[in-house]
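The values are calculated or read from the model by the stated rules, or taken from the named source; none is laboratory data. Computed from a prediction, not measured in an experiment: that's the story for all the values here. Every residue, glycine as well, gets a Cβ built from its backbone with ideal geometry; the counts of neighbours run over all protein chains shown. Just the protein is used for accessible areas: all its heavy atoms, side chains included, with ligands, DNA and RNA removed. Shrake-Rupley method; radii C 1.70, N 1.55, O 1.52, S 1.80 Å.
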Amino acid sequence: MKDYIQTVSAHRQALHLIPELSFNEYKTTAYIRNTLNQLNIDYLTPLETATIVYLKGNSSRTIGFRADIDALPIEEETLSPFTSTHAGAMHACGHDGHTSILLTFAELCKSQQDQGLLKHNVLLIFQPSEESNAGANALIKAFPFSDYNLEAIFALHLGPDTDEGIIMTKEGPLMASATEYRINIKGRSAHVAEKETGANALGSLSHIANQIDQIQQYHLNGLNQNVIHIGKMTAGEAINTVASTGYLEGTIRTYDPKDLEIIKQKIEAVVKSSDLIFKTSSTLTVAEGYPPVINTSSLLELVEKSIESAGLRFKVKEHPYLYGEDFSFYDTVAKTNFAFLGIRNEELGYTSGLHTSTFNFDEKVLINGVIYFQEILNNLGE
């Protein structure tokens, strides 16, 4: 695997230079496809920036592996020699690492196929737009996954709160659903001296924000993990006028679809009640979100065995994350397992969290992901 360490490192450094936002990953996609061309690996292009590889092995069983390829609108501050060359964009969530693992694994699988040693069929999924717009869902609608009789799909995410040499996962809920909501409030302006003639959008906004904060406490099971977050609020035009407009936006994170429905119903009721009190006219928009990531329990034994045979340590995540991840959509086409590849190294100073401008890691650790994927094939059985 020594040569593959150099390969995975070179891929990561090249990709880190060219981060691109969701559904605009044109240079990244060109790099992926050029690499596959050089390796004489055929591929399919169901979306403009999606690339899928199918390699036939020596059995009838087909296993999928997924990497997301997009970046974030963050200005990089790592000062690394391969810092982003795209102003205002950065691979701050490690998708360059995910893509590098899958590209290197593709090369390994092709070498085995050429030698007649590839144990099972593999479907390698280079997916755009994980960070927004649900690229996984768009790809599932565009590509005939059902034609491949997929047994399972596996994915890794870099984990900066997990030490190098560890892969962490759990059965059942691992990551939350992520649903965005936005409230636009239309009031009526008036001079403060005649405020009773207006419709106070700021008062309505304050009421809505206060009541949203009460939903978890009074309407949901206290044992369930839910987050109903308000991220932004704006209102008003001048110091001495009644506010004629207001705006609020936030996100909902939950593992239980029933809880999500209750939350949406209660927010709608809060908005309607506020309009009655303040004579405003408000619009609630709830964007289609990502479902929760729920790992298939029957895959955990294979995952644990593969982690250990890869020479890594298996760690069970005690509590689910409240991050959202569109890998959740793949459980409509196959069994799924999502796991975190440890990259934390305090000695080298790699401790920054995901979605931060200083997020970085030692790319040599990515070989652990390649070995883990290979061990899944080795341990799958006949």
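When its C-alpha radius of gyration is set against 2.2 N^0.38 Å (N residues), region 90-189 gives a value of 1.50.
Ranking of LEU55, LEU17, LEU117, LEU276 by solvent-accessible surface, largest first: LEU276, LEU117, LEU17, LEU55 (1.4 Å probe, protein heavy atoms only, all chains present). Accessible area per residue was computed with a 1.4 Å probe on protein heavy atoms; ASP275 scores about 30 Å². Counting protein heavy atoms only, region 106-172 has 41 percent of its accessible area on carbon and sulfur, 1.4 angstrom probe. Helical runs (DSSP H, four residues minimum) scored at -39500 (n - 2.57) apiece and divided by the length of the chain put the mean residue ellipticity at 222 nm at -10500 deg cm²/dmol. Report the residue, chosen from ILE267, ILE343, ILE69, that carries the largest GNM mean-square fluctuation when the chain is represented by alpha-carbon nodes joined by springs under 10 Å. Residue with maximal mean-square fluctuation among ILE267, ILE343, ILE69: ILE267. Between MET1 and THR351, the C-beta separation translates, for a Förster distance of 22 Å, into a calculated FRET efficiency of about 0.25. Averaged per residue, region 268-382 has 46 square angstrom of accessible surface, using a 1.4 angstrom probe with ligands and nucleic acids left out.
For SER282, the accessible area of its heavy atoms, probed at 1.4 Å with every protein chain present, is near 30 square angstrom. Grab the other residues whose beta carbon is less than 12 angstrom from that of GLY381, score K and R as +1, D and E as -1, and report the net. Result for the neighbourhood of GLY381: 0. Normalised by the number of residues in region 109-213, the average gap of Cα pairs under 8 Å and 6 or more apart makes the relative contact order 10 percent. A simple rule links phi to the HN-Hα coupling: the Karplus curve 6.51 cos²θ - 1.76 cosθ + 1.60 with θ = phi - 60°, which for region 201-214 gives 5, 5, x, 4, 4, 4, 4, 4, 4, 5, 6, 4, 5, 8 Hz, with x for Gly and Pro. Straight-line reach from LYS119: taking Cα to Cα under 18 Å and skipping same-chain neighbours fewer than 8 places apart, the aspartates and glutamates in range are GLU107, GLU151, GLU375, GLU382. Its Cα gyration tensor gives region 257-339 an equivalent ellipsoid; the semi-axes, largest first and in whole Å, are 42, 13, 10. Region 61-100 and region 225-253 have Cα centres lying 32 Å from one another. Solvent exposure of region 1-92 amounts to 46 Å² per residue of accessible area, where only protein heavy atoms count and the probe is 1.4 Å. The accessible surface of region 225-382, taken with every protein chain in place and a 1.4 Å probe, is 51 percent carbon and sulfur.
Each residue of region 71-79 was assigned a 3J(HN,Hα) from its phi angle through the Karplus expression (A = 6.51, B = -1.76, C = 1.60, θ = phi - 60°), giving 10, 10, x, 10, 7, 6, 9, 7, 6 Hz with x at Gly and Pro.
GNM, the chain, Cα, under 10 Å: largest mean-square fluctuation among THR351, THR296, THR283? Evaluated over the chain, the most mobile residue of the options is THR283.
If eta is 1.306 mPa s and T is 10 °C, what Stokes-Einstein diffusion coefficient results for region 141-193, Kirkwood Rh from Cα pairs, in µm²/s? Answer, rounded: 90 µm²/s. Based on protein heavy atoms only, region 142-195 ends up with 41 Å² per residue of surface accessible to a 1.4 Å probe. The fraction of all Cα pairs in region 186-274 landing in successive 10 Å bins from 0 to the largest distance is 17, 41, 25, 13, 4, given as whole percents.
Each eigenvalue of the Cα gyration tensor of region 286-382, multiplied by 5 and square-rooted, gives one semi-axis; in descending order these are 24, 23, 11 Å.
Quick one: Debye curve from the alpha-carbon atoms of region 1-61 only, equal weights, vacuum; give me log10 I(q)/I(0) at q = 0.18, 0.27, 0.29 Å⁻¹ to two decimals. Rounded to two decimals, the profile gives -0.79, -1.18, -1.21. Among ASP3, ASP96, the sequence by solvent-accessible area, most first, with a 1.4 Å probe is ASP3, ASP96. Remark: the LYS27-GLU48 segment gains 6.4 nm on full extension, using 0.36 nm per residue and subtracting the alpha carbon distance.
For the chain, the spherically averaged projection of the C-alpha convex hull amounts to 21.0 nm². Across ALA339, ALA14, ALA199, mean-square fluctuation computed from a Gaussian network of the chain (C-alpha pairs under 10 Å connected) peaks at ALA199. What the phi angles of region 367-382 give under the Karplus curve with 6.51, -1.76 and 1.60, with θ = phi - 60°, is a coupling list of 4, 4, x, 4, 5, 4, 4, 4, 5, 4, 5, 5, 8, 6, x, 7 Hz, glycine and proline written as x. Testing the spin-label approximation: label points 7 Å from Cα along Cα→Cβ at ASN378 and TYR218. State their distance in nm. The modelled label-to-label distance comes out at 5.8 nm.
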